[in-house]
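This report concerns only the one structure given below.
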Amino acid sequence: MKNTIKSILSTFLALALIFTVAGCGGTEEPAINDDDFFADTENVLSGSNEGNDSTGNQIQGDSQTQTGSNVQSDNSSNNQTSKPSNTGSTTGGKSWIKVLSSMPKKLRGTTIEMYNWNPPNEYGNASALMEKFTKETGIKVKWTTADFNTYQTKLASRVASDDAPDFARTNRPLAYNMMSFQPLSAAKYDFTDAAWDQTLMKDYSVNGKVYATSLNNTYISSWAMMFYNKAVIDKYDLENPYQLWKKGKWTYNKFMSMCEEFKKASGKEYAAGSIQYSGIAQIFGIGGPYSYNGKKYYSMLDDSKFLKVTQDVVDLYNTDKTLLHYAVNEFDNGEMPFWIGSSIYARRMNSYFKNLKGAGTLYCVPMPSVDGQKTYYQGVDEYEAYALIKGAKNPEAVPYFLRYFLDPENYDSSSFFVNSQAVEVHKWCAEQKNKLLVFEYWDKLNPTSFDAIRDLKGNQVKSFVDSNENVINQRVKELNDALKKLS
Amino acid sequence: MKAKSILKGFGGKLITNFIRYLFFISLGFILIYPFLYIVVNAFKSFSDTYDVTVNWVPKSIYLGNIVSAFKVFDVVNSFINTIVYEIISALMQFCSCMVAAYGLSRFKLKGKSIMMALLILNILVPTMMIITPSYVNFSRMDFFGILGLISKVVGTDIRPNLIGTPLVFHLPSLLAVGLKGGLFIYIFMQFFKGLPRELEEAAWIDGAGPWKTFLRIVIPSSGAASVTVLLFSIVWHWNDYYLAQMYMEDKTLASSLNSYSAVLAISKLGLDTTMAGVSSIQLVTAGCLIFVLPLLIFYLFMQKKFINSIATSGIVG
């Protein structure tokens, strides 16, 4: 009897031991807790410089700045809407917290390599962001900065030698630059979420396969915008462009009349600088000399609107003498009220406009709308897009990093942009539906011709364009040939 | 009449001289203008740079740009990298090309015509065209496929990855196939063909072998060509940024300069400094001056020998 009880007890104990071990073994690591991210979010990059510039002075804000407001417009063709900021999802779609919390556990402890021609400090405090991401997800991020001149060649060489990075920056959807990319489907991630920039992905799609992506409303994208020197505006008693924009009266005709007003009052020859001639052309829906319709590249040279807009823009430079090419120093020295550029120049880390940024008189507004034109075209200077590279070792981890890295919530807007108005304008531009990218400017296609175009009068533009027809056709052919290889 | 003709001759000569001097001074100015521009802007302060009244003569000599350029371009480390990767390669190239040229010019070899064709190909084909296969080659370095074969047998890839190591420069230079190697071999070949055979025959009679003849007779006689090739090799390696950017993460002086960006300046100097008044033009010109100075000093010492060698060997460009 005693022995029987002993054996039953022993069996029971042994079973208890087995079940206990079985319960402990194979336990999966808990998914990332939402609370962990919420707890740390406030500390990310905010530091002690909230609202201050690097010298500790308060960043001057335009007294009319209204953050988070909806832009009221009495001009329906302006197509202006401004979505209010929503903590956790300023990009729309799932928040980055939710996305990272659903990250597969197998990605923990892996490494991804980014290939970029910009160093991390181009993006504010990207190094801290990467560290934070690694801490929270266990994915290590290696940032390789490559020289821009040898970027494509080195990337192709690395792919050929089976040493490809996982993802790389790309700024324009040129088919022959996409030869090292692989479709995003390799990441096994759902990019249809509203957080991702669908317009950009459409530009980067070939035969239904998407090759690059970015987030909506990321701070590090580059939208065409108009800069103005508030001191000059006030000095010559011009209307405030920001107020005009808020009232829906910031139009091309208004901009031109203000330029004329400035020239008369000041006696200066020019009223606006422009980093690229196409800054004005884009508001008319015209990009560069060729375009892409999702299936093939095609020349724009036979488009009568292209010719007319190019003629008009050239006249702005040479005949009307409203625009001066480049003119960075002139604008910075207060010689003109306006400068056409992109949101890159509104960043604090950008070295342009030292004087204006130091004085706190640099402001920006979106490019004006065209009177009578139904569609508002938001010019894109260049995309901040990222592509998966052929031979990537760890493509599945890439979307999680991008979702975190590109989200504006993870940036301190006050230290990223020069002022809150720039943040507002950048956000508004990102929300516009009709975005227009210039694939290549004239100077990239034919460097000697770019100087020539700026010396022409309007009626000479057609012969200039005709003389460059072969160059454009050749480029279109090269791109379409590359498209076939991609397909 | 005589006086008139003398005067006419004198006037004609004066005009000719005047035109000649005008032409060469103008040409000299065009050639020296970029250097003058660099020197002047490297020592201009920020306020002088954007002062419309200051053109060629700054109000004061400002050394801050040089100091900033040292930081931005990390001159000390870049200089060391340039010496390690490029200059040592240049010297190796010089030696190996001389040996290769002597062999090709003096000895009857099987397949010499093929070697000559490859030599011409090396001169004609630009580096950019073969950079990707070169990169792949160096990333999995192999010798006649032997290491690859062993890798297949063993199951692990034992082919070394030379990318990022100095060997990507030193190995081709050691084998006379580095930067402009074909051209240097060709220069030496033409020179050696012009050397009298009697010199070498005299050495052979005295019992010297090919190596001793080469070291004791040929090299001392090749002064002109040696100086030319050495100078060109050093200058071209010094100026090379493309291969340095493709193969190396470390920066040489040339690749540092080439990959300058305003963001880089801000990251090295701090935003406040750049906002306060260091501009790109000042930094770049100061960097260019630092870059050019060692070559200038080197040329000053070698100038006489270089001109003599060009005159003697008839090699130009």
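We did not get these values from a lab; they are worked out from the coordinates using the rules stated. Fair warning: this is a prediction, and the values are worked out from it, not measured in the lab. Here Cβ is always computed from backbone atoms with ideal geometry, including for glycine, and neighbour counts include all displayed protein chains.
Cβ-Cβ distance of B:Phe29 and A:Lys209, R₀ of 51 Å, FRET efficiency by 1/(1 + (r/R0)^6): the value works out to about 0.30.
In order along the stretch A:287-293, the Karplus-derived 3J(HN,Hα) couplings, from 6.51 cos²θ - 1.76 cosθ + 1.60 at θ = phi - 60°, round to x, x, x, 9, 9, 9, 10 Hz, and Gly and Pro are given as x. When the Gaussian network model of chain B links Cα atoms closer than 10 Å, the mean-square fluctuations of B:Pro58, B:Pro172, B:Pro133 top out at B:Pro133. The stretch A:278-336 and the stretch A:139-164 have their alpha-carbon centroids 33 Å apart. Gain on full extension, evaluated as 0.36 nm per residue between A:Asp234 and A:Tyr176 minus their Cα-Cα distance, stands at 16.1 nm. With neighbours defined as other Cβ atoms within 10 Å of a residue's Cβ, the residues B:Leu171, A:Leu402 order from fewest to most as B:Leu171, A:Leu402. The relative contact order of the stretch B:74-259 comes to 39 percent, based on Cα pairs under 8 Å that sit 6 or more residues apart.
With each label modelled as a point 7 angstrom along the Cα→C-beta vector, the B:Ile281-B:Leu199 pair spans 5.3 nm. A simple spin-label model places the labels of A:Leu15 and B:Tyr21 11.8 nm from each other, with each point 7 Å out along Cα-to-Cβ.
Rounded to whole Å, the principal axis extents of the Cα atoms in chain B read 76, 73, 33, largest first. Model label sites at A:Asp302 and A:Asn459, defined 7 Å from Cα along the beta-carbon direction, differ in position by 2.6 nm.
Looking at the stretch A:258-359 from every direction and averaging, what is the projected area of its Cα convex hull in nm²? The Cα convex hull of the stretch A:258-359, projected and averaged over all directions, gives 8.0 nm². Note on the stretch B:197-250: Kirkwood radius taken over Cα pairs, Stokes-Einstein applied at 4 °C and 1.567 mPa s, translational D equal to 94 µm² s⁻¹. Applying 0.36 nm per residue to the separation of A:Thr192 and A:Asn329 and subtracting their alpha-carbon distance, the gain on full extension is 45.0 nm. Structure remark: mean-square fluctuation, Gaussian network model of chain B, C-alpha springs under 10 Å; the largest value among B:Val54, B:Val76, B:Val99 belongs to B:Val54. Among the chymotrypsin sites (Phe, Trp or Tyr not before Pro) in the stretch A:127-182, none is located in a DSSP loop while being surrounded by at most 10 other Cβ atoms within 10 Å of its own Cβ. Put in line by how crowded their Cβ is, counting other Cβ atoms within 10 Å and starting with the fewest, B:Ser113, A:Ser127, B:Ser173 read B:Ser113, A:Ser127, B:Ser173. When B:Leu295, A:Leu107, B:Leu264, B:Leu253 are arranged by Cβ crowding within 10 Å, least crowded first, meaning fewest neighbours, the order is B:Leu295, A:Leu107, B:Leu264, B:Leu253.
FRET efficiency for the pair B:Ile219 and A:Lys264, taken as 1/(1 + (r/R0)^6) with r the Cβ-Cβ distance and R0 = 56 Å, rounds to 0.10. Normalised size of the stretch B:74-259, defined as Cα radius of gyration per 2.2 N^0.38 Å with N residues, equals 1.17.
Across every direction, the projection of the convex hull enclosing the Cα atoms of the stretch A:195-265 has a mean area of 7.2 nm². Ranked from largest, the principal axis spans of the Cα set of the stretch A:359-420 equal 50, 35, 17 Å. Provide the net charge surrounding A:Glu335, with neighbours chosen by a C-beta distance below 10 Å and charges set as Lys +1, Arg +1, Asp -1, Glu -1. Net charge in that neighbourhood comes out at -2. Based on C-alpha pairs under 8 angstrom that are at least 6 apart in sequence, chain B has a relative contact order of 29 percent. In loop segments of the stretch A:314-370 as defined by DSSP, the trypsin sites (Lys or Arg not before Pro) with at most 16 further C-beta atoms inside 10 Å of their C-beta are A:Lys321. For A:Leu436, the residues whose amide H sits under 5 Å from its own are A:Gln378, A:Gly379, A:Val380, ignoring neighbours fewer than 5 places away on the same chain, with H placed 1.01 Å from N. For the stretch A:272-399, the relative contact order is 31 percent, taking Cα pairs closer than 8 Å that sit 6 or more residues apart in sequence and dividing their mean separation by the residue count.
Taking Cα centre as origin and charging only the Cβ of basic (Lys, Arg, +1) and acidic (Asp, Glu, -1) residues, the dipole magnitude of chain B rounds to 1320 debye.
The distance separating the Cα centre of the stretch A:222-248 from that of the stretch B:194-235 comes to 75 Å.
The distance linking the stretch B:13-61 with the stretch B:111-158 is 48 Å (Cα centroid to Cα centroid, whole angstrom).
Loop-located trypsin sites (Lys or Arg not before Pro) across the stretch B:45-108 with a Cβ neighbour count of 13 or fewer within 10 Å are B:Lys59, B:Lys108, with loop assigned by DSSP.
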